[in-house]
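Report on one structure; see the data block that follows.
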Amino acid sequence: MSAPSATNPPIAGYLDVPIAQARCPGVIEVVGWSFSTSGPIDTVEVYLDGVKLGDAVYGQDRPDVVEALSDTPTSSCGFHGRFRVPDNDGHASARTLCVRVSDSRGGSVTFERPVVVVPSARIEACLDSPRHGEKCRGFIEVSGWAFSHTADIEAVAVILDGRELGRAVYGHVRLDVLAAVPEAKRRCCFYERFDLDDDIVTSDLKTLTVTITDSAGNSVRFERSILVSRPRTSSFEVVGDVLEALGLDRFDLKIKASLNKWKYRTDFRLQSKNARFRKLGARDGLPLPPVALVYLVSGQHDIETFYDRSGVIGAESIRNILAKNGLDIARFASILDFGCGCGRLIRQWKRLSGRRIRGTDTNPRMIEWCKRSLRFAEFQRNGNASRLDYADEAFDFIYAISVFTHLTEEMQGFWIDELTRVLNPGGYLYLTVHGRTRARALPPRERQAFEAGQLVVVNKRLVGTNACSTFHPEKYLRERFSRNLRIVDFIPDGAEDAGQDAVLFRKP
């Protein structure tokens, strides 16, 4: 195939990354922006020496472009892609990169860059955020992934205009990375939020540098030009404060849910992905719930990620902590999924024949769907703070995934006592909680309280919803949850499906 040529000038744009003569170690990262005055952008094709590598993803927000060009028809004019380069015999070689942007009317424009492709780096990495040209108000969130072929990742240093902000926390699990990069290690992601001091928060373009180093001394560096300014109160935040003052903040949640529902209806790529997954069917052969129920549980609409990947990894996390302590879930005669939702985890136990498997949840829609679709188990609805309809000492094993993360201290006290009541002597209780990693995103005052061993609850009025977030220091768990239970194991970030700490209790 010959390299694409440019036609029709109504398409404007620029290729930010890679720059001319950039050295690309086995992977080429493509970042830029474009828009058309004759129709919406249709494709962003990437070629290397005339051979197509793939399509970049179009539609990312570029506030810097909007600020510089007042006639930009859309703020979502950015594109980004990461493409593996075919083998080049282990030698550096000069190549020509072409990015062709086409609109729905047949117009197109091509950006070219001479690049040098070098042998694959010993560290493979990607910086997801901030994006090039992103506007950061008062803080910077740094996230991405990296793994070394020869050693362990040792540090992820973050620098803004020569001033070191600190290091991002490395070792998180992200399901989308595992799906897109099969050779990546399980815990290969990093994240940190950096609150900016007043002396560096100015409405100005700054250079953010993220350097990733492994224990063998190999390193890789990313640079992003970002806009840094002081935070301002948006009209949405003002409306949120007013609604909270009037006791209408749950109404605010309904507004946000409606907006997200509309966003999904316009995301044709995700709709198509969900439709393909439904057609193929889940690997366990069980029915898949409506996307509306998936959103109620997780706040996102990707069915495949939530069930086929997150569910499998969630079950694996449970098996791992049990195995570490000489246990096997198959040995438990009776199992309770407390807060079962629409069956993401409980469906993983379908093959545990001869076991009494139960699920309970406060949402009647979830329970009705589970009763119709997951007939190997039994389901009941429970109240927000009412006695479970189970006899004393009814279960050998109980688990609650991301349930206590949305409860106030009073409700937690009630439910820990109730779960202890229905747990057999010698039985085990598995909980996941927001721990130190998640607490890093808290504002300074709440983070200080967490570090002092205090329970932190955000948005108490919205208890029981995903908007209410509760953070549990290990010290608090050991002091408050051990009245009638004994902590057998505590694994920071051990619940890999939820990105939470895993705690295993035993009833004496």
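The values are calculated or read from the model by the stated rules, or taken from the named source; none is laboratory data. The structure presented is a predicted model; accordingly, all values stated were derived computationally and were not measured. Cβ sites come from the backbone with ideal geometry, for glycine too, and all protein chains shown count toward neighbours. Heads up: the accessible areas ignore ligands, DNA and RNA and are worked out on the full protein's heavy atoms, side chains in. Shrake-Rupley method; radii C 1.70, N 1.55, O 1.52, S 1.80 Å.
Every residue, every condition in (1) within 17 Å of the chain's Cα centre (by Cα); (2) among the polar types (S, T, N, Q), yes or no:
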{"site": "430", "(1), (2)": "no, no"}
{"site": "453", "(1), (2)": "no, no"}
{"site": "459", "(1), (2)": "no, yes"}
{"site": "463", "(1), (2)": "no, no"}
{"site": "469", "(1), (2)": "yes, yes"}
{"site": "473", "(1), (2)": "no, no"}
Worksheet item: Do you know which residues across the range 302-333 are open to solvent by 10 Å² or more (accessible area, probe 1.4 Å), among the aliphatic types (A, V, I, L, M) and at pLDDT 90 or above?
Response: 323, 327, 330, 333
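This table checks each residue for (1) in contact with a Leu (Cβ under 9 Å, 6 or more places away or on another chain); (2) of a type in the set (D, E, K, R); (3) at negative phi.
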site	(1), (2), (3)
312	no, no, yes
336	yes, no, yes
348	no, no, yes
352	no, no, yes
358	yes, yes, yes
365	yes, yes, yes
372	no, yes, yes
379	no, no, yes
Discussion item. Tally up the residues in the range 23-50 that are at pLDDT 85 or above, open to solvent by less than 20 Å² (accessible area, probe 1.4 Å) and outside any loop (DSSP other than H, G, I, E, B), please.
Written reply: 11
Worksheet entry | Scope the range 51-73; condition in contact with a Ser or Thr (Cβ under 8 Å, 6 or more places away or on another chain), surrounded by 15 or more Cβ atoms within 10 Å (Cβ to Cβ) and in a loop (DSSP other than H, G, I, E, B); matching residues | 61, 62
Worksheet item: Only one of (1) assigned to a loop (DSSP other than H, G, I, E, B); (2) touching a Gly at 6+ places or on another chain (Cβ under 8 Å); (3) of a type outside the set (A, V, I, L, M, F, W, C) fails for residue 81. Which number is that?
Response: (1)
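For the range 397-503, list the helices (runs of 4 or more DSSP H) that sit wholly inside it and hold at least 1 residues that are acidic (Asp, Glu) and under 26 Å from residue 387 (Cα atoms); which are they?
409-421, 474-480
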Discussion item. Tell me yes or no: at least one residue of the range 479-488 is open to solvent by 30 Å² or more (accessible area, probe 1.4 Å) and small (Gly, Ala, Ser).
Written reply: yes
Fill in: strands (runs of 3 or more DSSP E) contained entirely in the range 128-182, each with at least 3 residues that are open to solvent by 70 Å² or more (accessible area, probe 1.4 Å) and without any contact (Cβ under 8 Å) to a residue 40 or more places away in the chain
163-167
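Of all residues in the range 386-400, which are in contact (Cβ under 8 Å) with a residue 12 or more places away in the chain, closer than 25 Å to residue 298 by Cα and either of a type outside the set (Phe, Trp, Tyr) or open to solvent by 30 Å² or more (accessible area, probe 1.4 Å) (or both)?
If we filter the range 386-400 for residues that are in contact (Cβ under 8 Å) with a residue 12 or more places away in the chain, which is where we start, we get 387-388, 390-400.
Now drop any that are not closer than 25 Å to residue 298 by Cα, which leaves 388, 397-400.
Matches in the range 386-400: 388, 398, 400.
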Worksheet item: In the range 1-22, which residue that is open to solvent by 60 Å² or more (accessible area, probe 1.4 Å) and within 30 Å of the chain's Cα centre (by Cα) is modelled with the highest pLDDT?
Response: 14
Practice prompt. Go through (1) among the charged types (D, E, K, R); (2) at pLDDT 85 or above; (3) more than 19 Å from residue 130 (Cα to Cα) and name the single condition residue 84 misses.
Written response: (2)
Practice prompt. Can you tell me which residue among 376, 414 is out of contact with any strand residue (DSSP E or B) (no Cβ under 9 Å at 6 or more places or on another chain), open to solvent by 40 Å² or more (accessible area, probe 1.4 Å) and hydrophobic (A, V, I, L, M, F, W, C)?
Written response: 414
Worksheet item: Can you tell which of 403, 422, 433 is open to solvent by less than 70 Å² (accessible area, probe 1.4 Å) and touching a His at 6+ places or on another chain (Cβ under 9 Å)?
Response: 433
Fill in: Candidate set from the range 484-495 (those that are touching a residue at least 60 places away in the same chain (Cβ under 8 Å) and closer than 27 Å to residue 382 by Cα); member that is farthest from the chain's Cα centre (by Cα)
484
Worksheet entry | Cβ-Cβ under 6 Å pairs, at least 6 apart or on other chains, the range 446-459 side acidic (Asp, Glu), far side at pLDDT 90 or above and part of a strand (DSSP E or B) | 446/456
Practice prompt. Within the range 86-108, work out how many residues are surrounded by 21 or more Cβ atoms within 10 Å (Cβ to Cβ) and of a type in the set (A, V, I, L, M).
Written response: 3
